[in-house]
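Written below as structure tokens is the structure these notes are about.
The values are calculated or read from the model by the stated rules, or taken from the named source; none is laboratory data. The structure displayed is predicted, hence computed values, not measured ones. Virtual Cβ from ideal backbone geometry, glycine too; neighbours counted across all protein chains shown. Only protein heavy atoms, including side chains, enter the accessible area calculation; ligands, DNA and RNA are left aside. Shrake-Rupley method; radii C 1.70, N 1.55, O 1.52, S 1.80 Å.
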Amino acid sequence: MGYLSKLSRIGPKLIGYKLAKHRLAKVPMPINFTYSITHACQSLCKTCNIGLLYRENPKLTQDELKLDEIEKIFKSIGPGHIYFFNISGGEPFLRKEIPEIVRLALRHLKPAIIHSPTNALMPDIIAQRVEAIMGIIEEEAPGTHFTIKPSFDAVGEKHDVIRGVKGNFDRLLKTIEKLKDVQKRHPNLYIGLGTVISNFSIDHLPETAEYVRKLNVDSYISEIAEQRSEMSNTDDPITPSAERYAEAIQYFKNETRKELKNKPLLSRLTMSMRLVYYDLVVQILKKEKQVIPCYGGITNAHMNSYGDIWPCAILAYSKNMGNLRDFDYDFRKLWQDHVTSAEVRKYIHERKCHCPLANQSYSNILMSPKSMLKSIRHILFN
């Protein structure tokens, strides 16, 4: 199935999501599925405590889902529903089975886009495993795009300090170089870089963005640092103020507007939604409430490495919808019929939470007619 034909399957689902939001219909399968495949991580980031928890207790990975369990879950979801399949962690490339997890996703979910971030601490291993992933994609589903996004929070030692590992920046540059070599053989591989805009990186953002521009990667995006239950950082002062973020993000907005004019239509739509997202973050930080309705637990689902299903990475453990091992790995049963899942959706629907989580925000924009009109205006008039 081609990339555009897979995109066309999103449209009919939007009505189902609207009805489910107002509890007028059963919740359809999500279009965006994130799977944190491991709790292992070598980083000690100032914005995340997953690496610290893993260092204190390496046995955290012992009870993670095995491949046969993962396959049962993906089979229960079925093909044709998931458009975006996001692999997360921990550090995803620490899990040696990552290529086989991608194979299972391709066979049973048939996503259009598979995405993974990385801390870029293992250049050789990352390149080897990405090469294996691309071979599997070309064997199982040649039209699927794989995007990888090494984290790039500052230049030189400043990046190492934020990420908590000496020498990380040098390994980051080496990882980019090796990924570009893999890309020469596999055109469906897209290399992006991502900056987490936190109170630790925001002052260096112009320097960081200028450096990234010279690296000639396929994309460069940013997202704001958030207090997430997933990252055990809910008490950490990592999120910039609305005023500081609005000023810092101006560079990204200007660059996105410049690039819009020369991109194909599908890329222009994505980039225009990114412009709406940047403004949405500022509003959420200022108003401290949901600015547009949130479809967490409806359009998007997040599964951790043990089989817990969350509406998002922000609520995560605090609003766990259930564990798939308790439902005989039947995602549909937990997602559509479980009382706790309905209670979590009610909590979100009543706007008892708010956040600028990028992954969810793009789905929320898609579900908001007003926001999509803003996106269209960016396409037409930028």
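Okay, here's what the table says:
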{"item": "Criterion violated by ASN359 - all others in (1) assigned to a loop (DSSP other than H, G, I, E, B); (2) open to solvent by 30 Å² or more (accessible area, probe 1.4 Å); (3) in contact (Cβ under 8 Å) with a residue 24 or more places away in the chain satisfied", "result": "(1)"}
{"item": "Hits in the stretch 58-68 (condition: of a type in the set (S, T, N, Q) and within 16 Å of GLU91 (Cβ to Cβ))", "result": "THR61"}
{"item": "Members of the stretch 132-144 that are open to solvent by 60 Å² or more (accessible area, probe 1.4 Å) and touching a residue at least 40 places away in the same chain (Cβ under 8 Å)", "result": "GLU138, PRO142"}
{"item": "Scope the stretch 320-345; condition more than 20 Å from ARG23 (Cα to Cα) and either in contact with a strand residue (DSSP E or B) (Cβ under 9 Å, 6 or more places away or on another chain) or not in a loop (DSSP other than H, G, I, E, B) (or both); matching residues", "result": "ASN323, LEU324, ARG325, ASP326, PHE327"}
{"item": "Residue under evaluation SER232, criteria (1) surrounded by fewer than 19 Cβ atoms within 10 Å (Cβ to Cβ); (2) farther than 22 Å from LYS287 by Cβ; (3) touching a Ser or Thr at 6+ places or on another chain (Cβ under 9 Å), criterion not met", "result": "(3)"}
{"item": "Residues of the stretch 150-193 satisfying the condition of being acidic (Asp, Glu) and either surrounded by 16 or more Cβ atoms within 10 Å (Cβ to Cβ) or not in a helix (DSSP H, G or I) (or both)", "result": "ASP153, ASP160"}
{"item": "Search result, residues across the stretch 257-266 that are open to solvent by 40 Å² or more (accessible area, probe 1.4 Å) and either among the aliphatic types (A, V, I, L, M) or under 24 Å from SER198 (Cα atoms) (or both)", "result": "ARG257, LEU265, LEU266"}
{"item": "GLU64 vs. criteria in contact (Cβ under 8 Å) with a residue 40 or more places away in the chain and touching a strand residue (DSSP E or B) at 6+ places or on another chain (Cβ under 9 Å)", "result": "no"}
{"item": "Residues located in the stretch 362-371, provided they are open to solvent by less than 40 Å² (accessible area, probe 1.4 Å) and either among the basic types (Lys, Arg) or not in a helix (DSSP H, G or I) (or both)", "result": "SER368"}
{"item": "Residues (touching a Phe, Trp or Tyr at 6+ places or on another chain (Cβ under 6 Å) and either among the hydroxyl-bearing types (Ser, Thr, Tyr) or in a helix (DSSP H, G or I) (or both)) located in the stretch 138-148", "result": "THR147"}
{"item": "Residue count, the stretch 282-315 (criterion: in a strand (DSSP E or B) and under 16 Å from the mean Cα position of the chain (by Cα))", "result": "7"}
{"item": "SER232 vs. criteria over 26 Å from GLY89 (Cα atoms) and of a type in the set (S, T, N, Q)", "result": "no"}
{"item": "Among residues of the stretch 121-131, those that are open to solvent by 20 Å² or more (accessible area, probe 1.4 Å), out of contact with any Pro (no Cβ under 8 Å at 6 or more places or on another chain) and in a helix (DSSP H, G or I), counted", "result": "4"}
{"item": "Considering residues of the stretch 195-247 that are part of a loop (DSSP other than H, G, I, E, B) and touching an Asp or Glu at 6+ places or on another chain (Cβ under 7 Å) only, the residue modelled with the lowest pLDDT", "result": "GLN227"}
{"item": "Pair list, Cβ under 7 Å, 6 or more apart: the stretch 106-126 residue without any contact (Cβ under 8 Å) to a residue 24 or more places away in the chain and closer than 16 Å to ALA301 by Cα, other residue surrounded by 24 or more Cβ atoms within 10 Å (Cβ to Cβ) and hydroxyl-bearing (Ser, Thr, Tyr)", "result": "none"}
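Yes or no, residue by residue, for (1) in contact with a strand residue (DSSP E or B) (Cβ under 8 Å, 6 or more places away or on another chain); (2) open to solvent by 10 Å² or more (accessible area, probe 1.4 Å); (3) charged (D, E, K, R):
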position: ARG268; (1), (2), (3): no, yes, yes
position: VAL282; (1), (2), (3): no, yes, no
position: ILE309; (1), (2), (3): yes, no, no
position: LEU315; (1), (2), (3): yes, yes, no
